[in-house]
1. Looking at M1, is it at pLDDT 80 or above and part of a loop (DSSP other than H, G, I, E, B)?
2. Of (1) at pLDDT 75 or above; (2) in a helix (DSSP H, G or I), E86 satisfies all except one. Which?
3. When segment 89-108 is examined, which residues are found to be charged (D, E, K, R), in a helix (DSSP H, G or I) and at pLDDT below 70?
4. Being basic (K, R) and over 20 Å from E101 (Cβ atoms) narrows it down to one of R10, R45, so name that one.
Amino acid sequence: MKKKCDEKNRWRNRMVAFRMSPEEADQLDIHVKISGLTKQEYLIRRVLEKDVIVNGNPRVFKALRNQLESVLNELRRLEIISAENEELIEVICYISKILCELKENTNK
């Protein structure tokens, strides 16, 4: 098997692993889907404190739509937003921020 460099001619041959709770892993998966990046690229950018720039494409819009449907269903089930739903509120804020940025980028 031939080794490959990434698009910036870097060898990515070091592995980094860590443990997460199921809730943390679920939240990470949501953020990754919404970003449109691979999990590897998303984590590298976050760890290195680089901006995670979301570029609108069909996959991102589908992930946003699905996540918003999930949030709406959860809000209907709960009927109210309370402090107990902090994770849900974080997801709503994250989605709102991305949608605002996408709207700004399409208006330019």
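1. Answer is no for this residue.
2. Answer for E86: the failing condition is (1).
3. Result: K103, E104.
4. Selected residue: R10, the only one of R10, R45 that is basic (K, R) and over 20 Å from E101 (Cβ atoms).
Matching residues to (1) surrounded by 15 or more Cβ atoms within 10 Å (Cβ to Cβ); (2) over 24 Å from I89 (Cβ atoms); (3) under 9 Å from the mean Cα position of the chain (by Cα):
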site	(1), (2), (3)
V32	yes, no, yes
D51	no, no, no
N57	no, yes, no
V60	yes, no, no
R65	no, no, no
L72	no, no, no
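The values are calculated or read from the model by the stated rules, or taken from the named source; none is laboratory data. A quick note: this is a predicted structure, and the numbers were derived from the prediction, not measured. Every residue, glycine among them, receives a Cβ derived from its backbone with ideal geometry; neighbour counts consider all protein chains shown.
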